[in-house]
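Peer 1: I'd like to ask some things about the structure below.
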């Protein structure tokens with residue numbers, strides 16, 4: 001019996017040690033997870049800050065698709081093409097609206113800081129990034145593009161659309177966010193305003209704002225719908 005009792009006592013001691021070690025491991029794991037979560041938050045905050053700075057640096061820029069420009073077009077010719085096809089028509093529209101004197105003569109080099117093409121799978125034309133000397137010129141483009149720029153019939157939908165597509169120059173993160181929502185079959189339309197991605201869903205005129213690149217459809221739509229259901233006076 002003494003031998004059995006001794007062995008039982010040894011086993012109890014081993015079991016107690018294992019329980020103690022297990023507790024230590026769990027505590028260390030919880031601490032490691034907590035530190036990892038803190039680091040993940042710091043990284044996420046820094047990434048968001050960098051993205052905001054990146055987007056702010058593009059506040060005077062636009063992206064144009066459809067211009068007769070390739071990757072081999074010289075910067076001088078790109079600037080000339082942008083001025084003739086995009087900038088000047090919008091400025092003329094602004095003149096007619098009384099935003100500029102009728103005698104105002106624009107100088108391309110004073111309005112456009114730079115214009116360059118970016119890589120594209122298309123062999124016929126490449127997207128163009130245009131940086132203006134001021135945000136006011138950029139805003140004029142967006143204000144008058146619909147009235148000033150030519151329209152063509154889309155063969156796929158048989159509807160009229162702009163010959164040139166003019167968008168905000170989004171940061172890579174914001175552009176990826178916009179594309180993610182645009183590809184969601186639950187989303188009807190997607191666009192951006194001052195670098196912020198916005199969208200509408202089918203059978204609704206409610207506009208949703210994407211406040212963070214990590215936002216999901218469920219985060220925005222489901223949460224907003226639940227809030228609206230609990231408070232009919234609340235609007236998104």
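The values are calculated or read from the model by the stated rules, or taken from the named source; none is laboratory data. Remember, it's a predicted structure, so these values are computed and weren't measured experimentally. Quick reminder, even Gly has a Cβ in these numbers, built from the backbone with ideal geometry, and neighbours come from all protein chains shown.
Peer 1: Quick one: in region 79-95, of everything that is in contact (Cβ under 8 Å) with a residue 24 or more places away in the chain and over 26 Å from residue 121 (Cβ atoms), which residue is surrounded by the fewest Cβ atoms within 10 Å (Cβ to Cβ)?
Peer 2: If we take residues in region 79-95 being in contact (Cβ under 8 Å) with a residue 24 or more places away in the chain and over 26 Å from residue 121 (Cβ atoms), then 92 is surrounded by the fewest Cβ atoms within 10 Å (Cβ to Cβ).
Peer 1: Modelled with pLDDT under 95 and under 16 Å from residue 145 (Cβ atoms): does that describe residue 99?
Peer 2: yes
Peer 1: Taking the conditions exactly as written (over 27 Å from residue 109 (Cβ atoms) and without any contact (Cβ under 8 Å) to a residue 24 or more places away in the chain), does residue 175 satisfy them or not?
Peer 2: yes
Peer 1: Determine which single condition residue 121 fails, assuming it passes every other condition in (1) touching a residue at least 24 places away in the same chain (Cβ under 8 Å); (2) under 23 Å from residue 71 (Cα atoms).
Peer 2: Single failed check for residue 121: (1).
Peer 1: Tell me the residue from 19, 41 that is modelled with pLDDT of 85 or more and either on the phi < 0 side of the Ramachandran plot or over 24 Å from the mean Cα position of the chain (by Cα) (or both), please.
Peer 2: Matching residue, one of 19, 41: 41.
Peer 1: From the set of residues in region 39-78 that are part of a loop (DSSP other than H, G, I, E, B) and in contact with a helix residue (DSSP H, G or I) (Cβ under 6 Å, 6 or more places away or on another chain), which is surrounded by the fewest Cβ atoms within 10 Å (Cβ to Cβ)?
Peer 2: Among those residues, the one meeting the criterion is 59.
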